[in-house]
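Readers should treat all values here as calculations from the given coordinates under stated rules, not as data from a laboratory. From a predicted model like this one, the values you see are computed outputs, not experimental measurements. Here the Cβ positions follow ideal geometry from the backbone for every residue, glycine too, while neighbour counts run over all protein chains shown.
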Amino acid sequence: MFPELNHLLNTTPDKAEQGKLTLLCDAKTDGSFLVHHFLSFYLKANCKVCFVALVQSFSHYGIVGQKLGVSLTAARERGQLVFLEALKTSVDIFFQPPVEPHPLQFLREASAGNLQPLFEFVREALKPEDGGEAKWRHPVLLVDDLSVLLSLGVGAVAVLDFIHYCRATVCTELKGNVVALVHDSGDSEDEENDLLLSGLSHQSHLILRAEGLATGFCRDVHGQLRVLWRRPSWPAAQRDRSLTYQYKIQDKTVSFFAKGLSPAVL
Amino acid sequence: MLESLVAFGGLVLLRDSIEWEGRDFLKALIKKSALCGKQIHVLGCEVSEEEFREGLDSGINSRVVYHDLFRDPLNWSKTGEAFPGGPLGALRTMCRLTDPRPVTVALDSLSWLLLHFPCSTVCQTLRALCHQDSCGGDRSPGERVNVLGLLHEELHAPGPLGALGSLAQIEVSLRGTMGQASAHILYRKPGHRPTYQTQWFSILPDFSLDLQEGPPLQSQPHPDSHTVLVDPTSHVTFNLHLSKKERETRDSLALPFQFSSEKQQALLRSGPSQASGHILYEPDAYDDLDLEDPDDDLDI
């Protein structure tokens, strides 16, 4: 996790808020550093994490996690991390006999179905253990990323329904958190993606938006991060509802600074 | 302002955006309706009952009936706890309310319904909901049901937005600037011209409305603890400041295109009496001063 980002969001692993949906989106840049931040943040906070990884392999996240001080392999072995590696398991649907509804069952369906099997997988992964005291703090669902589901033929409303059910189960019932990444297509007229992004924005409590600089690529400033706090409204009166910072991604950390005040350009 | 929104029957459309959320305003209207003695039925599709009731005091909450369609709207759990007929069934049930007391129906949200059902179905059901007195029942003819519908603008194309707008008696668009929220209200009374009103407001923690005159004239600089106070002018390689002598020289400089009194005098002096400005021309043999065709290009 990045300590400077924790400071911006006014949170630490010990006092992470519960019951929240955080939306990560990126436009004209790569916002995956935010996914790595939240993955290591919640693992360090001793939460049970279900990670639906649709775009990268386990080893990719493992390597970045090592730089941020968490071992995904160890977390998976001790049962803290449930990792759905979609790149590997998606071939099982086609080459293995169907045993039970597979989380990625929608890949087999000709028409755009719903994501109920994926939701059942998440619910099963994060359900509290029967008997004994809870080993982990509140559950967390992390999805990287939802835009790829649109490319795989799922409709935007089906993805919104999936996140709705995840919110109802993970946030409201289990008092956990949901973090999801969506790409903003920007200029290209992708109505389904715009609908998904707007619909999720309305459901979210916190929106982190990483944008590329309007002037183009820069060596010392990699982009701009906009933070928008949404619900509930009035406690946020004590802090700013929205903040904008610029950032630079380094090998093991990300540094944030106010707009125009990068140390390299002063 | 709130009285005008909850008093009349018919559909009140609350259009909100990502930046300016409308649920708090909806709860403020619900509180006002409850204080006016109405029974409130909420079709809750987007937030849990606990979250919706948060902040409303017990007196208001006792008048609110929350139809929970948040936990399992599509009947995925198949436990039989889901509302029979789904959300549309729940909405149609509200069209046949037998409560003799005045009723307000709050839809949280219309956007959810529009995303899951065809626009025509939603509009027809809304119309039936608003015109319950004509459907019979125990309601007195003058008392129509007040329907408050929350709509997220960005999610819909202009077509459905226009269709819902034409059904609505009152349309409230929630916007804001410089941290101050505003409501732009359009009243549509049948037989009258539509009237507009803009009202700046803020919502207090107990969901009462604090009306304001306008946006703050000057945005207060927030004591931002995050910004590191760096002076950008401290390490530049060029001089940004002027000495006293340089400042005096700069102030006394006359700008080239400034019309001062000296220039005015100089121009006035150069009148027709000065011979050096006069042009003398002697036409030579080849000049053909034909007034009808001075350029000599007409084919006459």
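Under a GNM of chain A (C-alpha, springs under 10 Å), which listed residue has the highest mean-square fluctuation: A:Leu87, A:Leu72, A:Leu24?
A:Leu87
Report relative contact order for the stretch B:2-212 in percent, whole number only (criteria: Cα-Cα under 8 Å, sequence separation at least 6). It would help to have the intermediate numbers written out before the result.
Numbers: 375 pairs, mean separation 61.1, N = 211.
Over the stretch B:2-212, the number comes to 29 percent.
In terms of the Cα gyration tensor, with a ≥ b ≥ c the square roots of its eigenvalues, is the stretch B:2-212 rounded because a/c is under 1.5, prolate because a/b exceeds b/c, or oblate?
Rounded, because the longest to shortest axis ratio a/c is under 1.5.
Mind computing the radius of gyration and Dmax over the alpha-carbon atoms of the protein assembly as shown? Å is fine for both.
32.5, 122
Using each residue's phi in the stretch B:12-27, evaluate 6.51 cos²θ - 1.76 cosθ + 1.60 at θ = phi - 60° and report the 3J(HN,Hα) Karplus result to the nearest Hz, with x for Gly and Pro.
10, 9, 9, 9, 10, 9, 5, 5, 10, 6, x, 5, 5, 5, 4, 5
Of the DSSP beta bridges with both residues in chain A, give the percent that are antiparallel, rounding to the nearest 5.
In chain A, DSSP labels about 35 percent of beta bridges as antiparallel.
Using only atoms on other chains, find how many Cβ atoms lie within 10 Å of each Cβ of peptide B:17-24 and report the average.
If you average over the peptide's residues, the count of other-chain Cβ atoms is 4.
Would you grab the residues whose amide H sits under 5 Å from the one on A:Leu181? Only those 5+ places off in sequence or on another chain, please, with H modelled 1.01 Å from N.
A:Leu24, A:Val143, A:Leu146
Can you tell me the orientation of helix A:58-67 relative to chain A, as the angle in degrees between its alpha-carbon axis and the longest Cα principal axis, to the nearest 10?
The answer is roughly 40 degrees.
Which links in A:Lys127/A:Lys175; B:Lys31/B:Lys189; A:Lys48/A:Lys135; B:Lys32/B:Lys189; A:Lys20/A:Lys67 stretch past 19 Å when you go from one Cα to the other?
Table pairs above 19 Å Cα-Cα are B:Lys31/B:Lys189; B:Lys32/B:Lys189; A:Lys20/A:Lys67.
Show the residues, 5+ positions off or on another chain, whose built amide H is closer than 5 Å to the amide H of B:Gly10.
Those lying under 5 Å, H to H, from B:Gly10 are B:Val145, B:Asn146, B:Val147.
Using the Cβ atoms and a cut-off under 14 Å, what net charge is assigned to the surroundings of B:Arg63, where Lys and Arg are +1 and Asp and Glu are -1?
Values: positive: B:Lys27, B:Lys31, B:Lys32, B:Lys38, B:Arg53, B:Arg101; negative: B:Asp57, B:Asp99.
Residues close to B:Arg63 contribute a combined charge of +4.
Compute the normalised compactness of chain A: alpha-carbon radius of gyration over 2.2 N^0.38 Å, N being the residue count.
For chain A, the normalised Cα radius of gyration comes out at 1.01.
Counting only other chains, and only Cβ atoms inside 10 Å, what mean value do you get across the residues of B:72-78? Could you put the intermediate results ahead of the total?
On the way: counts 3, 4, 5, 0, 9, 5, 0.
What the average comes to for B:72-78 is 4.
Using a Gaussian network model of chain A with C-alpha springs under 10 Å, which one of A:Phe41, A:Phe51, A:Phe121 is most mobile by mean-square fluctuation?
Answer for the Gaussian network model of chain A: A:Phe121.
Residue by residue through A:197-203, how many Cβ atoms from other chains fall within 10 Å of the Cβ on average?
6
Give the relative contact order (percent, whole number) for chain A; include only Cα pairs under 8 Å separated by 6+ residues.
Once divided by the residue count of chain A, the mean separation gives 25 percent.
Please report, in Å, the Rg and the Dmax of the stretch B:36-105, where both are computed over Cα atoms only.
13.0, 39
Can you list the residues of the stretch B:110-125 with backbone N under 13 Å from a point 7 Å past the Cα of B:Ser166, pointing along Cα to Cβ?
Only B:120, B:123-124 pass the distance filter.
Antiparallel as a % of all DSSP beta bridges within the protein assembly as shown, to the nearest 5?
Antiparallel bridges make up about 40 percent of those DSSP assigns within the protein assembly as shown.
Mind pulling up the Rg/Rh value for the stretch A:1-77? Radius of gyration and Kirkwood radius, both on Cα.
0.94
With springs only between Cα atoms under 10 Å apart, run a GNM on chain A and tell me which of A:Gly69, A:Gly19, A:Gly31 wobbles the most.
Between A:Gly69, A:Gly19, A:Gly31, it is A:Gly69 that shows the largest mean-square fluctuation.
When the Karplus curve 6.51 cos²θ - 1.76 cosθ + 1.60 is applied with θ = phi - 60°, which whole-Hz ³J(HN,Hα) does each residue of the stretch B:236-251 get, with x for Gly and Pro?
With coefficients 6.51, -1.76 and 1.60, one gets 8, 8, 10, 8, 9, 10, 10, 7, 5, 5, 5, 5, 5, 4, 5, 5 Hz.
Counting only the backbone N, which residues of the stretch B:158-190 are under 15 Å from the spot 7 Å out from the Cα of A:Ser242 toward its beta-carbon?
B:174-182
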